[in-house]
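The values are calculated or read from the model by the stated rules, or taken from the named source; none is laboratory data. Computed from a predicted model, the values in this text were never measured in an experiment. Methodologically, a virtual Cβ is constructed for each residue, glycine included, from the backbone with ideal geometry; neighbour enumeration extends over all protein chains shown. What goes into the accessible areas is simple: the full protein's heavy atoms, side chains included, and nothing from ligands, DNA or RNA. Shrake-Rupley method; radii C 1.70, N 1.55, O 1.52, S 1.80 Å.
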Amino acid sequence: ILIGLRASGKTTIGRLLAKRLGGKFIDLDDRTAARLQCASTAEALVRFGEPRFRAAEAEALAHELATEHGSSPSILSLGGGTPMHPESLARLLAAQQSGIARIIYLRAEAPTLIARLRASAAETSARPSLTGLGTLEEVPVLLAKRDPVYRDLADEVIAVDEGGGLSAAEVAARTQLP
């Protein structure tokens, strides 16, 4: 399971890891949007608001954790706020403690995340604010709030911006998998 803020590389790195394992890549944001019959996470957040989105996300997480995805391990990428929802956090801890999940935190500093979000202007403009601040301005606020939770939850923390920034392939190569 990959955790981290938006723009930390969860989707790109998740796809690389799934390919490396010969397994399946699952993006929980996509599953949550589909559960709410929306085309995207942004649409689901705008239409239903964050509380309903997080409840649907917790349901999607429960489903994915209970689903067998074949003999090869799957890589599940979580939305940035997934571990902040009490029900989702409890499910993640239970999956981790039972040995069915290994949680990897893809950590980046705020300037790296902001630069990545700026580089993908279409994604930035489509994402609603979670704090009332602008999408870029809220990055340090979300990082300060979520980083301690992510660190406590993670089996492994990978600093994706270490040494001036690692490529997705370098991060995937550093990730310890079964």
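List of remarks:
- Segment 20-147, accessible surface, carbon-and-sulfur percent (1.4 angstrom probe): 54 percent
- Shape category assigned to segment 60-123 from the gyration tensor of Cα positions, a/c cut at 1.5: prolate
- Rolling a 1.4 Å probe over the protein heavy atoms gives segment 28-153 an accessible area of 48 Å² per residue.
- Tensor-based shape of segment 1-114 (alpha-carbon gyration tensor, a/c under 1.5 rounded, otherwise prolate or oblate): rounded
- For S120, distant residues with modelled amide H under 5 Å away: none
- Rolling a 1.4 Å probe over the protein chains gives R47 an accessible area of about 140 Å².
- The dipole here belongs to the chain: it is taken about the Cα centre, uses +1 on the Cβ of Lys and Arg and -1 on the Cβ of Asp and Glu, and is about 220 debye.
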